[in-house]
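A short worksheet on the structure shown next.
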Amino acid sequence: MTTAATRKRRRRPRAPALSPRATAWGFLAPLVLYLAAFYVYPLYRNLDLSLRDYTLRSFVRNDAPFAGLDNFTDVLTSSTFGPALRNTVLFTGGSLVFQYALGLALAVFFHRHFRLGSLLRALFLVPWLLPLIVSASTWSWMLNSESGVVNSALRAFGMDPVNWLTSPDWSLFAVTVANIWIGIPFNLVILYSGLRNIPDELYEAAALDGANAWQRFWRVTFPLLRPVSAITLLLGLVYTLKVFDIIWIMTRGGPGDSSTTLATWSYELGFGSLVPKFGPGAAVGNVLILIALVFGLLHIHRRRRAEATP
């Protein structure tokens, strides 16, 4: 009994059990730290940059004077803002429309089971997997005015060559086509996954009711793909708004301002000259963030209304 009592006294006391709330915060802590370090702090620094008059010296010494909304005023009243905003709308809108339309068409095509379907679908992912610098450089070579394969094909058919990258009339079109080509695989993958979740019984019932292929697509496929389509277009919008690599490598926003977007203008202000303008560059970046935030909130609002509607 003495031995048993000694062993009982030597047992360590049990640690107090954590409450469910403390356990939940323990699991959330890594995510909160990650968001704070890589999202909240950079957003704060970008906002601080846009509200101060930074120079190279003040940037290093971190003593830039507070400028209020002067940087935003300079940006909004600049002669570049109008063309940059117009090009951003055209570039983003054209990319989203054709990426979604072509991605949906390919998703419907590959939804039918046929030989080599999986292989062809995998090959269509190549533009998405390539580094953007490789894709942009390839398109620059293809659209070169003198030695590009596109102009060589035009000459073979007796047509005049086009200055795709050096003409103000064609530069924005050229970079938009390149971006469409890169973004189609993303739409294909997401929309194909959405098609796989539509029950085959719905198509069989529609066929029994006499619906043809177009009616089955318009009355069954398209309505049931709306939630997937909405998130696909939203992600595409956020991605396309910040596209910089393709435009900068192909045209550097030129000639003039013909292919300058808000993303390339922000980079050009901050890093594209010997006298950087960090404040105005950050202000343009915040305008882009605000645009993306507005569309994100609109999407959330529409989703909540759709879920609340019986």
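The values are calculated or read from the model by the stated rules, or taken from the named source; none is laboratory data. Quick caveat, the model's predicted, so the values are computed rather than measured. Please note: Cβ atoms are built from the backbone with ideal geometry, for glycine as well, and neighbour counts cover all protein chains shown.
Looking at (1) touching a Gly at 6+ places or on another chain (Cβ under 7 Å); (2) modelled with pLDDT under 90, can you tell me which one D200 breaks?
(1)
Residues of segment 154-172 being more than 16 Å from T138 (Cα to Cα) and part of a helix (DSSP H, G or I), which ones?
The answer is L154, R155, A156, L172.
So E204 clears everything in (1) closer than 20 Å to G93 by Cα; (2) of a type in the set (D, E, K, R); (3) assigned to a helix (DSSP H, G or I) except one condition, right? Which one?
(1)
Only residues in segment 80-95 that are within 16 Å of I180 (Cβ to Cβ) count as the first member; pair them with residues that are in a loop (DSSP other than H, G, I, E, B), Cβ under 7 angstrom, at least 6 apart or cross-chain, and list the lot.
N87/S259; N87/T260; N87/T261; T88/T261; F91/T261
Considering every residue within segment 224-236, establish whether at least one is touching a Ser or Thr at 6+ places or on another chain (Cβ under 6 Å), touching a residue at least 60 places away in the same chain (Cβ under 8 Å) and assigned to a helix (DSSP H, G or I).
No - not one qualifying residue is present in segment 224-236.
N151: closer than 17 Å to A178 by Cβ and outside any helix (DSSP H, G or I), yes or no?
Judged against the criteria, N151 is not a match.
Conditions first: (1) at pLDDT below 90; (2) surrounded by 14 or more Cβ atoms within 10 Å (Cβ to Cβ); (3) hydroxyl-bearing (S, T, Y). T23 passes all but one, so which condition is the exception?
(2)
Can you tell me how many residues within segment 237-267 are under 24 Å from L293 (Cα atoms), among the charged types (D, E, K, R) and not in a helix (DSSP H, G or I)?
Result for segment 237-267: 1.
Suppose we filter P127, P199 for residues that are at negative phi, in contact (Cβ under 8 Å) with a residue 24 or more places away in the chain and not hydroxyl-bearing (S, T, Y); which single one remains?
P127
Can you find a residue in segment 256-276 that is over 30 Å from N62 (Cβ atoms), out of contact with any Ser or Thr (no Cβ under 7 Å at 6 or more places or on another chain) and either surrounded by fewer than 18 Cβ atoms within 10 Å (Cβ to Cβ) or of a type in the set (V, I, T) (or both)?
Yes - at least one qualifying residue is present in segment 256-276.
Among A105, A64, which is at pLDDT 90 or above, surrounded by 13 or more Cβ atoms within 10 Å (Cβ to Cβ) and aliphatic (A, V, I, L, M)?
Step by step, each of A105, A64 is checked, and only A105 is at pLDDT 90 or above, surrounded by 13 or more Cβ atoms within 10 Å (Cβ to Cβ) and aliphatic (A, V, I, L, M).
Identify the residue in segment 195-253 that is surrounded by fewer than 13 Cβ atoms within 10 Å (Cβ to Cβ) and charged (D, E, K, R) and, among all such residues, is farthest from the chain's Cα centre (by Cα).
D209
Among the residues of segment 113-148 satisfying the criterion of being among the aromatic types (F, W, Y) and assigned to a helix (DSSP H, G or I), which is farthest from G254 (Cα to Cα)?
The selected residue is W128.
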